[in-house]
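Okay, so here's the structure we're looking at.
The values are calculated or read from the model by the stated rules, or taken from the named source; none is laboratory data. Everything quoted here is computed from the prediction, not taken from an experiment. Neighbour counts run over all protein chains shown; Cβ positions are idealised from the backbone, glycine included. These accessible areas exclude ligands, DNA and RNA; they are computed on the full protein's heavy atoms, side chains included. Shrake-Rupley method; radii C 1.70, N 1.55, O 1.52, S 1.80 Å.
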Amino acid sequence: MEKNIFNKYTFYWILTVALFYLAIQGLISANILRAYYQSILLLIGINIILALGLNLIIGITGQFSLGHAGYMAIGAYSAAITLKYVNGIQGLILGMLIGALITALIAFLVGLPVLRLKGDYLAIATLGVGEIIRIIILNLDITNKAAGINNIDRLASIPLIFGFVILAVIVTSNFKRSALGRACISIFQDEIASEAMGINVTRYKVMSFIFGAILASFGGALFATTYSVVRPEFFGLNQSIDTLVIVVFGGMGSLTGTVVAAFALGIINLLLQPLGDTRMILYAMALIAIMIFRPKGLMGSFEASWKNFKLRKPKLAHGKVNE
Amino acid sequence: MSLLSVQKLTKNFGGITAVSNVSFTVETGELVGLIGPNGAGKTTLFNVLTGVYDPTEGKILLTKGDKTIELSKLPPYKITHHGVARTFQNIRLFKDLSALDNVKIAMNEDAQYGLIGALLRLPRFYRSETDIDQRARAFLKEVHLDELAEIKAKNLPYGKQRQLEIARAMATGAKILFLDEPAAGMNPQETQALTKFIKDIKTKMNLTIVLIEHDMSLVMEICERIFVLDYGKLIAEGTPDQIKHNPKVIEAYLGDED
């Protein structure tokens, strides 16, 4: 165990992130990463933030939620409305804070009763909550009903989204590797034993539920300012399932998996783009194939870590590297 | 004042009385056995004592220092915080986690930081985590499970899983342990190892233990006092020798002579 935050692993991570960022900027200035690819990169970033939040709820605490798009919608609309009154990046931050506050409140009020349910029942209840949020938005004047809000300030840029992704990764992974995260994992492992070990199960379930929901609202706000338009129909069950696919595909509980899966799915989508309508069939087939060959997701429960990283030494003759 | 005093405890499920008007006391440092035929209500009694079920009637009083705490209305996690922990009839370890992490979760209450400390990795996070890590390792060494620290719980041999579950319950800082059939499914060698393990930890950690068990060799060897439950009622109480020759107990297990 390290003594404080100023240790060599923190330094390695800063270096890794900086190199990755420089690589992206390099590719942009070399005109390899054109505007279209950049927009896909932004979407991948937003998906990472959404999926990290959902992974906290589903993969770490084990509470199956299908209402993620609802919280995303709250974040998106809060940002969109705030940006009408306050311009620029301050407006976005203010909108995100307002969205986070509303989301936290709703997640708290909904979480307390709903998180008593388990498995399928919880999934249906959270699905209901997501739909209720969407339908309320569809009927409010301030959200402009079905027409939605257009011409939202476009503030999204690679550095902005990148910054938020890094922030989301830091908070979720710090949470996971703390006593609070251990409590949540133990609830997923065995709720009864967890309570018998002195864990206040309700408290941690609601905590991770709110935490995940806030990340969804941030994802929604960034979505709004990236696409400049929000409509209620964007935030239906399909959106929740898209996020769920990233979590399951990457490996339940693996934050590394979520990041890798968001990239992998973004790239698969991109490669299939020229195929037109058959794309969705192939995309689904790719998902099925990967779930057959890697039933625990791409990464299983693996987490990238500099601490556990060792250079593999060749062990066999003939210069082969032993895996 | 006894460490634990159970007074007229009753638990009804609809029209069925699973535990009926049970009263007993447990003194500090005792090792008490709870036996009875299948369906006598032993596990239900444990579940009531540890807060899984609320009792229909009666009181559970725990002496802590010079205070008396009424446990019967508290949720399980609060009862654990008061120093009463348990194991389960069917092992309930956190099976995808290492033995070390299982113990760390039991020590979770000792973490000296909250959400902010965890997210920002403040100095108190590192201090507290280092402390928990060291204590969890020292604890595993104390109970001779330190060699298994990094192994996932589900990959441990059956006997070790039972031991780890008992160790994990102790790691919550428990003063009283309720063990629900610790020797269930064990072969004679494993049972013997477990008997030694229980004796060992009891003296080492100055624990009070109440255990449910069907393996009479274990019960008669280690229990100082035995309670016998039948149809939810306490029918006998005494030393192992007294219990062996108690006609009511023989009747409960083997039936009437007629």
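Odds and ends about this structure:
- Spatially, the range A:194-264 and the range A:120-176 are offset by 10 Å when compared through their Cα centroids.
- Take each residue of peptide B:125-131, count the partner chain Cβ atoms within 10 Å of its Cβ, and average: the result is 4.
- Global geometry of the range B:97-151, whether rounded, prolate or oblate, following the gyration tensor of its Cα atoms and the 1.5 cut on a/c: prolate
- Taking A:Trp13, A:Trp306 and ordering them by how much accessible surface each has at a 1.4 Å probe, largest first, produces A:Trp13, A:Trp306.
- Helical segments meeting 27 Å axial Cα length and Kyte-Doolittle 1.6 threshold in chain B (DSSP H): none
- Within straight-line cross-link reach of B:Lys248, lysines at Cα separation under 26 Å, skipping those fewer than 8 residues along the same chain: B:Lys8, B:Lys11, B:Lys42, B:Lys233
- The range A:45-236 - percent relative contact order, Cα under 8 Å, separation 6 or more: 47
- Relative contact order of chain B, defined on C-alpha pairs under 8 angstrom at six or more residues apart (%): 26
- Rounded if a/c under 1.5, otherwise prolate or oblate - the range A:1-100, Cα gyration tensor axes: oblate
- With a Förster radius of 45 Å applied to the C-beta separation of A:Lys296 and A:Tyr36, the computed FRET efficiency comes to 0.85.
- Between the C-alpha center of the range A:37-68 and that of the range B:189-209 there is a gap of 47 Å.
- Per-peptide average of other Cβ atoms within 10 Å, ordering A:272-282, A:136-146, A:244-254, B:109-119 highest first: A:244-254, B:109-119, A:136-146, A:272-282
- Normalised by the number of residues in the range B:3-153, the mean separation of alpha-carbon contacts (under 8 Å, six or more apart) gives a relative contact order of 19 percent.
- Reach of B:Lys175 by Cα under 14 Å, taken over aspartates and glutamates that are not fewer than 8 positions away in the same chain: B:Glu27, B:Glu30
- Close amide-amide hydrogen proximity is noted between B:Leu97 and B:Ala153, B:Lys154, each under 5 Å apart and 5 or more residues distant or on a separate chain (H modeled in the peptide plane; Pro and chain starts excluded).
- Restricting the trypsin sites (Lys or Arg not before Pro) of the range A:1-89 to loop positions (DSSP other than H, G, I, E, B) with no more than 10 neighbouring Cβ atoms within 10 Å leaves A:Lys3, A:Arg34.
- Using a cut-off of 28 Å between Cα atoms, the listed pairs A:Lys3/B:Lys196; B:Lys141/B:Lys199; A:Lys296/B:Lys95; A:Lys176/B:Lys67; A:Lys176/B:Lys154; A:Lys118/B:Lys196 include A:Lys3/B:Lys196; A:Lys176/B:Lys67; A:Lys118/B:Lys196 as exceeding that distance.
- Residues of type lysines that A:Lys84 reaches as a straight line, Cα spacing below 28 Å, ignoring anything fewer than 8 places off in the same chain: A:Lys145
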